[in-house]
Structures are given as structure tokens and as C-alpha cells.
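Trainee: Handing you this structure, nothing more for now.
The values are calculated or read from the model by the stated rules, or taken from the named source; none is laboratory data. It should be emphasised that the depicted structure is a prediction, and the values quoted were computed from it without experimental measurement. A quick note on method: Cβ atoms are made from the backbone with ideal geometry, for glycine too, and the neighbour counts reach across all protein chains shown.
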Amino acid sequence: MTDKNQRKKPYPLGAHIECDGIRFAFVSRKVSCGILLFDRKTGKSIDRIPFLPEDRIGNVYCKILRGLDASRITYQFYEEDRVVPDRWARVFPAKSVYGKERRREQLKAGFLTEDFDWGRDRFPRIPYDRMIGYCMHVRGFTRHVSSNVKHRGTFAGIAEKIPYLKEIGVTTLELQPAYEFSEIAAAEELPEGLPYAVSLENARAQGGGKLNYWGYKKGYYYAPKASYASSEDPTVEFKELVRELHENDMELVMQLYFPEDVKRNEIAEILRFWVLEYHVDGFHLLGTDMPADLLAADEALADTKLWYYHFDTDHIYEKGEQPLYPHLAEYNDAWYYDMRRFLKSDEGMLNSALYHMRHIPEKAGSIHYLTNYFGFTLADLVSYDYKHNEANGEDNRDGNDTNCSWNCGEEGPSRRQKIKQLRKKQIKNAMCLLLLSQSTPLIFMGDEFGNTQKGNNNPYCQDNAVTWLDWTNTEKNAELLDFWKQLIAFRREHSILRPQRELRLMDHKACGYPDLSYHGQNAWRPQTESYFRYIGLLLCGAYAEPEDEKDTFLYLALNMHWEDHELALPRLPKGMGWKRAISTENGEGEKCESDPVSDEAVKRIPARCIEVYVGAPVCEKKAAKKAEGRAASAVKERT
């Protein structure tokens, strides 16, 4: 059954089918350790096979077993009298129920025994200037009955929502931890100081453990989470999701959280595995002291998206080298905090806002967001001044106290129409800041239709209506959803909003206008002192990339002050004037159009409002107006 001559290949770790048997490799510093084999169907023990001293290389024990049918067995390891699940396992065949405690003895590993038909699957490799990110929790996205999917709270449920995600412009999904982890930890799994875990009455009712809904803990990094699958085989269901996303030119990026006790030299192997086995498009690396620059330089990951707080591109790339596929991106909270403060009219934030709206790192991308899995949702950001985390069972001590939020005059739900309208307007302003900035926007699930978590800014332990998306809000808040779609369409239409490199504030092509310029009450004279909260941004479409996607002029009028202000629109080339395309004051863009003007104009921008003007040929617009007038007269005559 065993083959002593095959002991010199300890890697890869775990258990793997090879042509001459099954290779088992296990890391242990104990003398007494070995392999436990079980019948896959009944779970009964088949054999207990010890590792021998000659099976050891360093701290790795390795052995090949022959004559086993991998489709009929499961396995675990043991150390002395302690059962040890294989943390390199590719699959745990026993179907798990979400929220039910699983002990070590229940985590029996299996094998990837069937080839998956990927067909003509290809990686979309969407560049950052064309990407719209959407962060989601697999279970929370479709678990609510209002999601109207067949397989609620699963990978298959996400696949059912792909048409919706495409409709709202999403190109790239970012999944909160979807590798195997124990959301209700057994007692022996709880080290002291475990983050994101707290005793709750509802968790005790489910199994007596501690609930970790988010999953930011050490896990089994080579296996998709079984309780996120509707089928008996989570590996196939996850691959089907990735394949269907790719067929729709969409990507999947996984969050991987690595606490300090995970060996840093193993992380690259984990990333390569998900790319090769599951065709994953990228990773958001979470954890301290990550070998980010080493991973960025890994040749096998050169066209895989990698997101982290910072990458030292000066050392990753040689001098003068441009990456064939820029796959790195900064993902940090600087944009998050500064733009929240600008949105709520804090003093001294104008220059920070202007920097963030144009900043794109050299040889990398930048992911910007106003909301994420942590902190307030977008609707709560304009409805609460303070966190309301009482349901977490920690006397509201958990979660961030610094939210940079403003409740618009009343804490929590309000019946006052004035406050409700202001909140809606502020959400639209936030959407504009996200989608009119020139790096890569990302939103958290449900923000496009006003999802609320009732003021909870740290719902790590809430597996209920607090964190499940209520899809009835797509109808209740249809105006917000329509506005989001309008902005998405506008961003797609205007390539100057999506530069591949940071704009330089210069006319370096000598076309008569800088690529980006700022304006105040007088054109070309920005007012950026600390007490100013309004400004105009002129984007020159001649600087749009690539060359065959030349754009027109855009003017972004930002007024985050609580008073109306005048802003000057610069004079355009002869024959062109300004048309208002978007306003957060009046609702949908179709209702915001105004006659273009042929000369420099001063516009009064309402308080707490963002407006967008587009350069358009005057004569064509006048002709269109006349045609509309003739058509209206003809209809009137007929009626």
C-alpha cells in the first residue's frame, strides 16, 4: 500500500492524486503523527497509517499510498492523540450547514477527482480605467427572500444576479472571504484575542459557538466555502460562477485575509492555486506585513490583479519599464475619509478632494471607495452621526468611532420630507464623486439603491436582515438606482473621465487647453483657500486615451457648501457651447438639459450640489431645438 521510494517529494503539501497513487505531505514537529482514512459515504474509519522516521524531510512527512480510490475516501492527519484537519485540503465533501458548529473530527478532506469543462474560458483582464468594482458578501448579497433567486445566499445565487450587475455597470466583483472557514468556531479553535468574534444569544442558539459572519480569520485557503454552495460540490459551483462571469466579460477578485501566523512564503502558492485551478482574476490582500512587492514581482501573477495598501513600483519594475498589463492597485482608506469629509462640508478639504479625484499612481491603479464592508453604508453615511452597534452585544464599544458622517439634521430614520430630500441629494453627490473621479471606483453591495444597516458600522456578527440586501429597495429607491445607471452611462461615454495616467494640469499637447484645470467665480482663477468648499473642474477631451477615443469638454461644478455659489464656465472654441447634462439638484439628467451658450458663462450652483456640463456644437443643438419645436407643433395640430 505504501511506497518508501517516493518519500523525496514533500511538496505540494496536503494530499494529491498522482499517476502511481495518492501522495500525502504533512508538516509536523511531533514524532507520532500519521494519516487517518475514512469511507467517504459512511464516514467510518478505514485505516490509521503512521508516518515513519524515514518519511521525514525537515518538518515535512511525506508518503505515497497505492491502491486507494480517491472518489471513495476522505482523510485527516493526526498528531499523537489529536485529530488535525488538512489545512491544504482542496475540498471538504461533507455538506456543511451555515451557522452550525463543526468540530475538527467533522472536517474530513477529499480530492478534486473530476476535470471541469472550462470550454473557451478566458481572463477578461479589464484595465483599471474601465473597471467598476462591486464589493459583496456571498451570503448577504442574495440571502434575503426579496432577492428572487432560486439559490439564495450562494455562489449560484450570485450567478443568477449577473444580468442585474451588468445592468448597473459592474465589471469586477470583490468577494469577502469565500475560502473555507468556520463561522461558528468550535471551542478548541478559539485562541485568545481572536478578532471579530463575540458571544451572542443568536450564535448560541445556532450551536453554542461564536459567530464570524465576515470570515476574517485563518482558514482553509485552498477550498471554496462549502456552506456558500447550493450544490453538493462547492468546487464546481465556484468554477461555474467564474466561468459565467468571464462569459459576460466580468471578473472575480477574492479577498484573502492572512493573520500573522500564516507563513508568508506560502501566500504566493495559495494565489497561484486559485488562478490555475479556479481561474480567479485577482486578489485583495488583507493582513499586516504582507510580502506585497514579492507577490507583485511573481512572474506567474504578472497578469493577475493584486490590491494592497501600497506597492513600491520603483523597485518592482526596472527603470523605464512599463508593465505589459498594469495589474497592481493601491487600496487604502485615504480617499474614503477625505472625500467623506468633503461631502459633508468640512473645512479645509477642497485641495485633498481635488488631489484624490485626479490621482493615479505611476505604473499601477488606485481603487477608490466611499463605503466598504466596514463602516456605514452610503444611506447610513447621510443618516447617522454615530454608530449604532448595540445588536453586536458589545455595548456599542466595537466599530470605528470616526465615521466622517452627517445625518442631515436628524439621527436615523426621518419622516421630514426636507431631510429625506437632502439625504437623497447627498447620496447622489456621493455617487458623482465616485464616478467622476479619475481612478477606479468601487461600491459596496446595495449602495446603488440605498441599502441600510440601521446605523451598524461593524456588522461582523450579523447574519440577518441587518446585512442581507433587501431588494425591495430597488423599487422604493428607484430614483437613486436610475441616477447611478445614468452616471455609469456617462462615465462610459466620456473617456476623459477614465485616463490611463494621472492628468498633468498642463497643455502638453499644445491644443489650447490644459488636460485638467480648475476654476472659481472667475474662469481660470480657482479659489482653494481652506474655507472654500466649491470649485469647477474643466476636462479637455483632446487628452482622452486611447487616441481614437477623443472626447469633448467636460465641466464639473462641485459645491459642497450649504449656500449657493456662482462658478464661471470657461469660453470654449468657436461654435461650441455648454449643455448641462447632470445635476444632483433636479434628478435625472434628461430633465437637466439647458440651452447651450456660445460664450463664457457664470452659473449659480445650488447648495450641496454637483452639476456636470458638456461642450457641444451650438449650431447642431439649435437645429435640434428647432426640430423639436416643429415636431411638437405638428403633434399639436394633429390633436
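Yes or no, residue by residue, for (1) part of a loop (DSSP other than H, G, I, E, B); (2) of a type in the set (D, E, K, R); (3) in contact with a strand residue (DSSP E or B) (Cβ under 8 Å, 6 or more places away or on another chain); (4) in the same structural domain as Ile488 (by TED's automatic domain parsing):
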| position | (1), (2), (3), (4) |
| --- | --- |
| Asp338 | no, yes, no, yes |
| Tyr355 | no, no, no, yes |
| Ala379 | no, no, no, yes |
| Lys387 | yes, yes, no, yes |
| Glu394 | yes, yes, yes, yes |
| Lys418 | no, yes, no, yes |
| Arg423 | no, yes, no, yes |
| Lys428 | no, yes, yes, yes |
| Gln438 | yes, no, no, yes |
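Trainee: While we're on this one: Within segment 123-143, is there a residue that is among the acidic types (Asp, Glu), part of a helix (DSSP H, G or I), farther than 19 Å from Glu232 by Cβ and touching a Lys or Arg at 6+ places or on another chain (Cβ under 6 Å)?
Mentor: Within segment 123-143, the subset among the acidic types (Asp, Glu) is 129.
Checking which are part of a helix (DSSP H, G or I) leaves us with 129.
This time we only want the ones that are farther than 19 Å from Glu232 by Cβ, so: 129.
Right, trim to touching a Lys or Arg at 6+ places or on another chain (Cβ under 6 Å) and you get 129.
Yes; the residues of segment 123-143 include at least one that is among the acidic types (Asp, Glu), part of a helix (DSSP H, G or I), farther than 19 Å from Glu232 by Cβ and touching a Lys or Arg at 6+ places or on another chain (Cβ under 6 Å).
Trainee: Just to check your reading of the model, which residue among Val280, Val253 is among the aliphatic types (A, V, I, L, M), surrounded by 15 or more Cβ atoms within 10 Å (Cβ to Cβ) and in contact (Cβ under 8 Å) with a residue 60 or more places away in the chain?
Mentor: One residue alone meets the criteria, Val253.
Trainee: Right, something else. Return yes when Val91 is surrounded by fewer than 13 Cβ atoms within 10 Å (Cβ to Cβ), part of a loop (DSSP other than H, G, I, E, B) and β-branched (Val, Ile, Thr) and no when it is not.
Mentor: Here the answer is no, as Val91 does not meet what is asked.
Trainee: Would you check which residues across segment 359-380 are under 21 Å from Arg608 (Cα atoms) and basic (Lys, Arg) and list them?
Mentor: none
Trainee: Would segment 96-104 turn up any residue that is over 30 Å from Gly169 (Cβ atoms), buried (at least 20 other Cβ atoms within 10 Å of the Cβ) and touching a Phe, Trp or Tyr at 6+ places or on another chain (Cβ under 7 Å)?
Mentor: No.
Trainee: Pairs needed: first member in segment 162-180, of a type in the set (Asp, Glu); second member anywhere, assigned to a loop (DSSP other than H, G, I, E, B); C-beta distance under 6 Å; at least 6 residues apart or different chains.
Mentor: Glu180/Gly219; Glu180/Lys225
Trainee: Test of understanding: among Arg90, Arg82, Arg72, Arg103, which residue is farther than 24 Å from Asp233 by Cβ and basic (Lys, Arg)?
Mentor: The unique qualifying residue is Arg82.
Trainee: Scan segment 17-28 for residues that are surrounded by fewer than 19 Cβ atoms within 10 Å (Cβ to Cβ) and modelled with pLDDT of 95 or more and jot them down.
Mentor: Val27, Ser28
Trainee: Can you go through Pro177, Pro163 and tell me which one is in a loop (DSSP other than H, G, I, E, B) and either buried (at least 24 other Cβ atoms within 10 Å of the Cβ) or at pLDDT 95 or above (or both)?
Mentor: Unique residue meeting the criteria: Pro177.
Trainee: Taking the criterion of being in contact with a Ser or Thr (Cβ under 7 Å, 6 or more places away or on another chain) and in a helix (DSSP H, G or I), would at least one residue in segment 471-494 satisfy it?
Mentor: yes
Trainee: Next up: Within segment 533-551, take every residue that is modelled with pLDDT of 95 or more and touching a Ser or Thr at 6+ places or on another chain (Cβ under 6 Å) and give me the one that is farthest from Ala353 (Cα to Cα).
Mentor: The qualifying residue farthest from Ala353 (Cα to Cα) is Gly541.
Trainee: A further question on this structure: So in segment 244-283, with the set limited to residues that are assigned to a loop (DSSP other than H, G, I, E, B) and of a type in the set (Val, Ile, Thr), which one is nearest to Val138 (Cα to Cα)?
Mentor: Residue satisfying both the conditions and the ranking: Val280.
Trainee: Of Leu436, Leu422, Leu497, Leu469, which residue is among the aliphatic types (A, V, I, L, M) and within 30 Å of Ile184 (Cα to Cα)?
Mentor: Values: Leu436 fails: within 30 Å of Ile184 (Cα to Cα); Leu422 fails: within 30 Å of Ile184 (Cα to Cα); Leu497 fails: within 30 Å of Ile184 (Cα to Cα).
Just a single option satisfies the conditions, and that option is Leu469.
Trainee: Further, regarding this structure: Any idea which of Arg358, Arg341, Arg397 is over 25 Å from Gly133 (Cα atoms) and either surrounded by fewer than 22 Cβ atoms within 10 Å (Cβ to Cβ) or touching a Pro at 6+ places or on another chain (Cβ under 6 Å) (or both)?
Mentor: Criteria check complete, one pass: Arg397.
Trainee: Does Glu114 meet the test of being surrounded by 15 or more Cβ atoms within 10 Å (Cβ to Cβ), on the phi < 0 side of the Ramachandran plot and in a loop (DSSP other than H, G, I, E, B)?
Mentor: no
Trainee: Identify the residue in segment 68-83 that is without any contact (Cβ under 8 Å) to a residue 40 or more places away in the chain and assigned to a strand (DSSP E or B) and, among all such residues, is surrounded by the fewest Cβ atoms within 10 Å (Cβ to Cβ).
Mentor: So the first thing to find is which residues in segment 68-83 are without any contact (Cβ under 8 Å) to a residue 40 or more places away in the chain, and the list is 69, 72-74, 81-82.
When the remaining residues are screened for being assigned to a strand (DSSP E or B), the result is 73-74, 82.
Working: Ile73: 22, Thr74: 25, Arg82: 11.
Across segment 68-83, the extreme among qualifying residues is Arg82.
Trainee: Now for a separate question. Enumerate the pairs (first residue in segment 316-329 and surrounded by 15 or more Cβ atoms within 10 Å (Cβ to Cβ); second residue anywhere and among the aromatic types (Phe, Trp, Tyr)) with beta-carbon separation below 7 Å, excluding pairs fewer than 6 apart on the same chain, so at least 6 apart or on different chains.
Mentor: Pro323/Tyr317; Pro326/Tyr128; Leu328/Phe311; Ala329/Tyr128; Ala329/Trp307
Trainee: Here are the criteria: (1) in a strand (DSSP E or B); (2) more than 41 Å from the chain's Cα centre (by Cα); (3) under 28 Å from Ile267 (Cα atoms). Tell me which single one Ala25 does not satisfy.
Mentor: Checking Ala25 against (1) in a strand (DSSP E or B); (2) more than 41 Å from the chain's Cα centre (by Cα); (3) under 28 Å from Ile267 (Cα atoms), the one that fails is (2).
Trainee: Which one of these is within 30 Å of Pro326 (Cβ to Cβ) and touching a His at 6+ places or on another chain (Cβ under 9 Å): Ile443, Ile367?
Mentor: Ile367
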